[in-house]
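J.: Take this structure first; my questions come after.
Nothing in this text is a laboratory measurement; each read-out follows from the coordinates by a stated rule. Here the structure is a predicted model, which means the values were calculated and not measured. No Cβ is skipped: glycine too gets one built from the backbone with ideal geometry, and neighbour counts run over all protein chains shown.
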Amino acid sequence: MQVYLNGQYVDDSEARVSIDDRGFLFADGVYEVVHIYGQRPFEWDRHMARLERSLAGIGLEAVNVQELAAVRDRLLAQLEHPEASLYIQITRGTQRRSHAPPPPGVLKPTVLMWVRPVDPIAPETVRRGVKAITVPDDRWAKVWIKTIGLLPNVLAKGRALERGAFDAIFVRDGMVTEATSANVFRVKDGVIFTAPVTNYILPGITRAVVIEMARGAGYSVVEEPFSAELLYDADEVFLTGTLTEVLPVTEVDGRAIGTEAGPVALHLLDLLHRRALGA
Ligand SMILES: Cc1ncc(COP(=O)(O)O)c(C=O)c1O
């Protein structure tokens, strides 16, 4: 499939980035992932607003994200699959290796975009739920920037897989922050809880949409810090994310949370699908 790289559309096998790219050398860049449902990008405007915030967070305001919509449409035109993920990565650009970022405007940022098919999460996986472990949140203090520097997330995900779990849930100072590529919710006595937006979580687009939909459906949603112990005691735990959607978690650190997906998570997943598919 064709990808977009710095103004050109090229076959993905042909696309090349310099060894001097600051993204390659320093993870000096940011990204977004947008879920495409039947050619329709889900919550495009919110993703672009977050991309702008991430770019501002690393001092790369010069990139005009409005121009990415035309690239998106051209990439989508070649898509035949009903579902896809659209990836956008912007790095500070290419320069002989030096920690010092040059003043704004000196480098031409590297802009990469692609669309690749994804398959829906198997209904059986959703019904059974997944296992998670908790791990110390040893990431930096600007997690709100969607940086391509994801090594702590990669290592935590690897640790989860080694232990036979699907994902790792980060815990900072005793409080749950988020998972390696998703936000974390718990349900107790019909009330939905999730960590508040601070610099220590990525403000998930799906998180925001799920909170809105849940409130619209009459649930009360509380955004306040909670401990890992409260996960063990929850009636339901679920993850939210662009490709994760609403994914029930039925085991945390070896402790069972229910026996299968809970009704609140399934209800919210249904609402999400309806919204995404325009039903
Ligand atoms: C660390 C982290 N938290 C949360 C999320 C969920 O965000 P969104 O719903 O915008 O995909 C992601 C998504 O990649 C993530 O990487």
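J.: With contacts defined as alpha carbon pairs under 8 Å and 6 or more residues apart, what's the relative contact order of the chain in percent?
T.: On the way: 536 pairs, mean separation 48.9, N = 279.
Computed over the chain, the figure is 18 percent.
J.: Take every DSSP beta bridge with both residues inside segment 123-277 and express the antiparallel ones as a percent of the total, to the nearest 5.
T.: Working: 20 of 31 bridges.
Percentage antiparallel, nearest 5: 65.
J.: Enter the angle in degrees (range 0 to 90, nearest 10) between the Cα long axis of helix 205-216 and the first principal axis of the Cα atoms of the chain, meaning the one along which they spread out most.
T.: The helix 205-216 is inclined about 40 degrees to the chain.
J.: Comparing Ala69, Ala77, Ala100, which has the greatest mean-square fluctuation in the GNM of the chain with Cα pairs linked when under 10 Å apart?
T.: Among Ala69, Ala77, Ala100, the largest GNM mean-square fluctuation belongs to Ala100.
J.: Residues with amide H under 5 Å of Val222's amide H, sequence separation 5 or more or different chain, H placed in the peptide plane at 1.01 Å from N; which?
T.: HN-HN under 5 Å from Val222: Ile192, Phe193, Thr194.
J.: Next question. Treat the count of other C-beta atoms within 10 Å as a stand-in for reagent exposure and order Ser18, Ser220 from fewest to most.
T.: On the way: Ser18 13, Ser220 10.
Neighbour counts put them in this order, fewest first: Ser220, Ser18.
J.: Also: Restricting attention to segment 75-141, which GluC sites (Glu not before Pro) occupy a DSSP loop and are surrounded by at most 10 other Cβ atoms within 10 Å? Walk me through the numbers before you get to the answer.
T.: Numbers: sites: Glu80, Glu83, Glu124; in loops: Glu80.
Those that pass, being in a loop and sparsely packed, are Glu80.
J.: Further question: Give, as a single signed number, the net charge of other residues whose beta carbon lies under 14 Å from the beta carbon of His99, with Lys and Arg counted +1 and Asp and Glu -1. Please list the in-between numbers first.
T.: Numbers: positive: Arg22, Arg92, Arg96, Arg97; negative: Asp20, Asp28.
Net charge in that neighbourhood comes out at +2.
J.: Could you list the GluC sites (Glu not before Pro) in segment 41-71 that lie in coil according to DSSP, counting only those with at most 14 other Cβ atoms within 10 Å of their Cβ?
T.: Values: sites: Glu43, Glu52, Glu61, Glu67; in loops: Glu43, Glu61.
Passing both the DSSP loop test and the Cβ count: Glu61.
J.: With +1 on each Lys and Arg Cβ and -1 on each Asp and Glu Cβ, how big is the dipole of segment 123-277 about its Cα centre, in debye rounded to the nearest 20?
T.: Values: 17 positive and 20 negative charges, 93 e Å.
Around 440 debye, computed over segment 123-277.
J.: Further, regarding this structure: About the Cα centre, and with charges only on the beta carbon of Lys, Arg (+1) and Asp, Glu (-1), how big is the dipole of the chain? Nearest 20 debye, please. Mind dumping the intermediate values first?
T.: Values: 30 positive and 36 negative charges, 124 e Å.
Dipole magnitude for the chain comes out near 600 debye.
J.: Placing +1 on the Cβ of each Lys and Arg and -1 on the Cβ of each Asp and Glu in segment 2-117, which of Phe24, Leu76, Pro104 has its Cα farthest towards the positive end of the resulting dipole?
T.: Pro104
J.: Quick check for me: using +1 on Lys/Arg Cβ and -1 on Asp/Glu Cβ, what's the dipole size of segment 199-273 about its Cα centre, in debye to the nearest 20?
T.: The dipole of segment 199-273 has a size of about 240 debye.
J.: For Ile257, what residues show an amide H to amide H distance below 5 Å, using hydrogens built from the backbone and excluding near sequence neighbours?
T.: Glu251, Val252
J.: Which trypsin sites (Lys or Arg not before Pro) in segment 85-129 pass both tests, a DSSP loop state and at most 11 other beta-carbon atoms within 10 Å?
T.: Numbers: sites: Arg92, Arg96, Arg97, Arg127, Arg128; in loops: Arg92, Arg96, Arg97.
Loop-located and lightly packed - Arg96, Arg97.
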